[in-house]
Amino acid sequence: MSKSTSNNYAVTAEPYVFNFSPEHTAVIMIDMQRDFILPGGFGASLGNDVDRLAATVPVARQLLDWCRAHGMLVVHTKEAHKGDLSDCPLSKLNRGNPTVRIGDQSPMGRILIDGEEGSDFVAELTPLPNEVVIVKPGKGAFYATELGSLLQQANITHLLFGGVTTEVCVQTTMREANDRGYECLLVEDATESYFPEFKQSTIDMIRAQGGIVGWTAPLSAILSATKVASDDQ
Ligand code: C5J
């Protein structure tokens, strides 16, 4: 294989510097859907303060814009089910004995059903036509989706993560990716939880023990990442 020189980026991160090449890196924006972020959606119906999540939207947008400007593969995921709920296990449907269930009517259509208003992305984070959208029935984005084969085909080795919620779908997907050999970085202010202490614990867990799941850094560290020339095999 011929050798070419490409630009890598070195990001000041925890637990140590994270190096990546945009060519082999994808950004995965997890579940920035109205049902989790806007009043009247699923998250709000469970009694959560959705404003916490809404505050990450501009940061997530800046992250996407940086990645777009650097020609990176952009992947958006959405947690959504088929209208007949055939991909929603009963355990998920009934967990917590909720008054409002997945598939029920809400002010934004049927909750977490693909194609309904609430299952769609918030306006600021609408995918561009050339970007990938993964519809996932689980918390992890690799489970029962085409994400793994798609990343392999695109020669992706590194992943940047943002999205909601930190300790549920973001962390689950990051752990799935870590087990599959990807070098993963969570962008701390591009992710949020309904529970601030869960967000902090997740960040701590990810970067503990020398980065047992991966790295974390704020968006500012990505924006000010140092360019370093490297030999690309
Ligand atoms: C949840 C998610 N929290 N996207 N989904 O149920 O994290």
With Cα atoms, 0 to 90° folded angle of helix 196-211 axis to the chain main axis: 30
Dipole-positive endmost among LEU46, LEU64, ALA144 within segment 16-225 (Cβ charges, Cα centre): ALA144
Label point distance in nm, ALA144-HIS70, each placed 7 Å from Cα along Cα→Cβ: 3.4
Highest-first arrangement of 142-155, 185-198, 89-102, 54-67, where packing means the average Cβ count within 10 Å: 185-198, 54-67, 142-155, 89-102
Nitroxide proxy distance, nm - points 7 Å out along Cα→Cβ at PHE195 and ASN130: 4.1
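What does the accessible area per residue of the chain come to in Å², with a 1.4 Å probe and no ligands, DNA or RNA counted?
45
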Amide H contacts under 5 Å for CYS184, placed H, 5+ residues apart: LEU159, TRP215
Kirkwood Rh and Cα Rg combined as Rg over Rh, evaluated for the chain: 0.98
Under-5 Å amide H pairs with ASN19, H placed in peptide plane, nonlocal only: VAL11
For the chain, calculated [θ]222 nm from helices alone, where every DSSP H run of n ≥ 4 adds -39500 (n - 2.57): -7500 deg cm²/dmol
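At a threshold of 8 angstrom on Cα-Cα distance, excluding pairs fewer than six apart, so keeping six or more, what relative contact order does segment 16-225 reach in percent? Spell out each step's value before the answer.
On the way: 387 pairs, mean separation 52.8, N = 210.
Value for segment 16-225: 25 percent.
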Segment 1-160, accessible surface, carbon-and-sulfur percent (1.4 angstrom probe): 51
Extension gain (nm, one decimal) between VAL228 and ALA123, 0.36 nm per residue minus Cα-Cα: 34.3 nm
MET32 long-range amide H proximity, modeled H, under 5 Å: THR77, VAL164
Rounded to 10°, Cα long-axis angle of helix 57-69 versus longest principal axis of the chain: 40
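The values are calculated or read from the model by the stated rules, or taken from the named source; none is laboratory data. As the structure is a computational prediction, the values presented were derived from the model and not from experiment. So basically every Cβ, Gly included, is an ideal-geometry build from the backbone, and we count neighbours across all protein chains shown. Heavy atoms of the whole protein, side chains included, go into the accessibility calculation; ligands, DNA and RNA do not. Shrake-Rupley method; radii C 1.70, N 1.55, O 1.52, S 1.80 Å.
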